[in-house]
Amino acid sequence: MAQFILSSFRGHLTNNATKISFKTSLLRPLLLNNNFSTTTPNNNSIQNITVYGSGLMGAGIVQVAAQNGFKVTMVDIEQAFIEKGKKIIDASLSRIAKKQFKDDENSQKSFIETTWSNIKTETNSEKGAENTDLIIEAIVENLETKQNLFKKLDKISKPNTIFASNTSSLPISEISKITERQDKFAGLHFFNPVPQMKLVEIIKNDQTSEDTYQKLVDVTKRMKKTPVTCKDTPGFIVNRLLVPYLMEAVRLAERGEATTEDIDTAMKLGAGMPMGPFELSDFVGLDTLKSIVDGWRKDGKIDAGLVAPIKKLDDLVKEGKLGRKSGAGFYTY
Ligand code: CAA
Ligand code: NAD
């Protein structure tokens, strides 16, 4: 604890973006009573979390964990990506602070500073794994890249560190088989935007131990999320239903049966969806969606018609139009 406060203080001296102050970190217990986790963790439960990837999902997971009192390390391969992740967190925290503490600017500031005081950043992946209880991987949706990372982390992490992947579509058993800790490995699937979406899917493979599973249920609840459990099947629950729907919408437009705008309007006003399928695809990231569909097609476990290649999607990704995160996708931002 003392070491973390010290490192937070050092962060204040070296890192303007995080604006961490030693004084405000002492306010934390007070704030915890009002706004954060209500569960008192026991010694055996998870306290320190390391998140690999500071993109859309990684940044969101870091934020929610830190907001709820976990000590979090955010790791990415380059400082520029870390800075992007910090911007995502900053924007989301000020939105929440303004909503939660309406006209009380001091409380807004304390909330933001306290959350940041729980966050460290790191570009050295080995260092990020030191002394952590739980690793959550939220890097690119590519099996080999994820396996390479976990293989490296398996050698250097504490024997009891739990590994979790936020993969949208890859089999947990395939990612975990590269490690010597398959009993301490599971899927922990958050949804975008993480601060707002209440669900987390916990994916058990055949070797995930009951102790690992229970610890992940506990972490999820302490992050104020609702866990559901699913076997290690393609797309788990949500994506197995959602992604084929999104791809059907693209095919419908590609056949010229309706415009993208009208399909979006139809699904919002006729089916009560908060976003139309094209808005949602841009929101998720077209590269991520393409990886999911391509992976399922290769895997062969899902009906071929549902995962048939879609020229429009392939073309947009080739052009670097990945959705909101790149400024253009089906729409321009
Ligand atoms: N951080 C914090 N709060 C956020 C936020 C963020 N990044 N984004 C939105 N919010 C909050 C807002 O503060 C607001 O809160 P209140 O209602 O309490 O005031 C609420 O969300 C609604 O926001 P807005 O009014 O600004 O905008 P909106 O009504 O258009 O909602 C949305 C935005 C929550 C994203 C909504 O459009 C939505 O639910 N969209 C669908 C998202 C979805 O389906 N996600 C799953 C994607 S699939 C996935 O994640 C899995 C995968 O593996 C690919
Ligand atoms: P993203 O492209 O926004 O971010 C990925 C980040 O990972 C990048 O910052 C990249 O630099 C970093 N990275 C790559 N290799 C790394 C490594 N070896 N170590 C550390 N960082 C590394 O992607 P995203 O949308 O945040 O998705 C991340 C994961 O979460 C994917 O597996 C995706 O399928 C899954 N997911 C995405 C969504 C979504 O809506 N986008 C929802 C749920 C789950």
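The values are calculated or read from the model by the stated rules, or taken from the named source; none is laboratory data. In this text the structure is predicted, and so the values were computed from the model without any measurement. Here the Cβ is made from the backbone with ideal geometry for all residues, glycine too, and neighbour counts use every protein chain on show.
When the residues of the stretch 165-176 are filtered to those that are within 14 Å of ligand 1 (Cβ to nearest atom) and among the aliphatic types (A, V, I, L, M), which remaining residue is modelled with the lowest pLDDT?
Among those residues, the one meeting the criterion is L170.
I need a count of the residues in the stretch 92-111 that are free of Cβ contacts under 8 Å to residues at least 60 places away in the same chain and under 16 Å from the mean Cα position of the chain (by Cα).
So the count comes out to 1.
Does the stretch 135-149 contain at least one residue that is of a type in the set (V, I, T), within 16 Å of ligand 1 (Cβ to nearest atom), part of a loop (DSSP other than H, G, I, E, B) and touching a strand residue (DSSP E or B) at 6+ places or on another chain (Cβ under 6 Å)?
Yes, the stretch 135-149 contains at least one residue that is of a type in the set (V, I, T), within 16 Å of ligand 1 (Cβ to nearest atom), part of a loop (DSSP other than H, G, I, E, B) and touching a strand residue (DSSP E or B) at 6+ places or on another chain (Cβ under 6 Å).
As an exercise: evaluate E201 against (1) away from ligand 2 (no atom under 14 Å from the Cβ); (2) closer than 30 Å to R297 by Cβ and give the number of the one condition it does not meet.
With (1) away from ligand 2 (no atom under 14 Å from the Cβ); (2) closer than 30 Å to R297 by Cβ applied to E201, the lone miss is (1).
Out of A266, A249, A258, A271, which single residue is out of contact with any strand residue (DSSP E or B) (no Cβ under 9 Å at 6 or more places or on another chain), away from ligand 2 (no atom under 12 Å from the Cβ) and touching a residue at least 24 places away in the same chain (Cβ under 8 Å)?
Just a single option satisfies the conditions, and that option is A249.
Where the second residue is of a type in the set (S, T, Y) and the first is outside the structural domain of T145 (by the TED database) and lies in the stretch 286-314, which pairs have Cβ atoms under 6 Å and are six or more apart or on separate chains?
Filtered contacts from the stretch 286-314: L289/S281; I292/S168; I292/S169; G295/S169.
Considering only residues that are assigned to a loop (DSSP other than H, G, I, E, B), surrounded by 21 or more Cβ atoms within 10 Å (Cβ to Cβ) and β-branched (V, I, T), which ones fall in the stretch 108-134?
The one that is assigned to a loop (DSSP other than H, G, I, E, B), surrounded by 21 or more Cβ atoms within 10 Å (Cβ to Cβ) and β-branched (V, I, T): T132.
Regarding P244, is this residue surrounded by 15 or more Cβ atoms within 10 Å (Cβ to Cβ) and outside any helix (DSSP H, G or I)?
no
Does Q79 fit the bill of being touching a strand residue (DSSP E or B) at 6+ places or on another chain (Cβ under 8 Å) and at pLDDT 95 or above?
no
Can we say S169 is in the same structural domain as K84 (by the TED database), of a type in the set (G, A, S) and crowded, with 20+ Cβ neighbours inside 10 Å?
yes
In the stretch 204-227, which residues are part of a loop (DSSP other than H, G, I, E, B) and either free of Cβ contacts under 8 Å to residues at least 40 places away in the same chain or surrounded by fewer than 17 Cβ atoms within 10 Å (Cβ to Cβ) (or both)?
Those that are part of a loop (DSSP other than H, G, I, E, B) and either free of Cβ contacts under 8 Å to residues at least 40 places away in the same chain or surrounded by fewer than 17 Cβ atoms within 10 Å (Cβ to Cβ) (or both): N205, D206, Q207, T208, S209, K224.
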